[in-house]
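This report refers to the structure that appears directly beneath it.
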Amino acid sequence: MAKATTSSTPVYYATGKRKTSAARVFLKPGKGNIIVNKLAIDKYLPTPTSIMKALSPFAVTETTGMYDAMITVKGGGKIGQAGAIAHGITRALLVVDTDKHRAVLKKAGMVTRDDRMVERKKYGLHKARKKGQYSKR
């Protein structure tokens, strides 16, 4: 989480992760334009639910339309990427103003990274935990 300044306008940077997805988020004061991998967010994410999930930190902190976001996201599927975007936006908002946003974001459960991952497949089993059918003879 760092504050990078290239010109007079401050740019706030943070990284968010979910499952195997990782999102790099650059926030700067603006009109609310959200660009994900060079596409508008409604063109990139498939469902309104995933868009709402990705933009939920702005709704919780009541900063919708106050920041432009340039996001690059890699890995995983679209739903995991939406979670990574939400986590990255949360961490970037904490860089903007920790005192103002931390309490509301923490209460909404957005500050903590969701570390659940897919369990690996084990040898001798069909899947991670599924065993073969039992036969008495």
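A short reminder: the numbers here are calculations on the coordinates, not readings from a lab. A quick note: this is a predicted structure, and the numbers were derived from the prediction, not measured. Backbone-built Cβ (ideal geometry, glycine too); neighbour counts: all protein chains shown.
The figures follow:
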read-out	value
Highest-MSF residue in the chain out of Ala40, Ala92, Ala22 [GNM, Cα springs under 10 Å]	Ala40
Within a Gaussian network of the chain (alpha carbon springs, distance under 10 Å), most fluctuating of Arg120, Arg102, Arg91	Arg120
Neighbour-count order for Ser21, Ser8, fewest beta carbons within 10 angstrom listed first	Ser8, Ser21
Eligible lysines near Lys131 by straight Cα distance, threshold 19 Å, same-chain separation 8 or greater	Lys121, Lys122
Within a Gaussian network of the chain (alpha carbon springs, distance under 10 Å), most fluctuating of Val118, Val73, Val104	Val118
Order of Met52, Met117 - criterion: other Cβ atoms within 10 Å of each residue's Cβ, fewest first	Met117, Met52
Derived scalar couplings ³J(HN,Hα) [segment 120-135; Karplus, 6.51 cos²θ - 1.76 cosθ + 1.60; whole Hz; x for Gly, Pro]	6, 6, 9, 5, x, 10, 6, 10, 4, 10, 6, 9, x, 6, 6, 10
Kyte-Doolittle mean at least -0.5 and Cα axial length at least 18 Å: DSSP H helices in the chain	48-61, 78-96
Exposure proxy ranking, count of Cβ atoms within 10 Å, fewest first, for Thr61, Thr49, Thr72	Thr49, Thr72, Thr61
Distance between modelled label sites at Val118 and Thr9, nm, 7 Å Cα→Cβ extension	3.9
Ranked packing of 94-100, 122-128, most packed first, by mean Cβ within 10 Å	94-100, 122-128
Gain in span if fully extended, Thr98 to Lys131, counting 0.36 nm per residue against the direct Cα distance	7.0 nm
Cross-link reach list, lysines versus Lys53, counting only Cα pairs under 28 Å and skipping chain neighbours closer than eight places	Lys3, Lys17, Lys19, Lys28, Lys31, Lys38, Lys43, Lys74, Lys78, Lys100, Lys106, Lys107
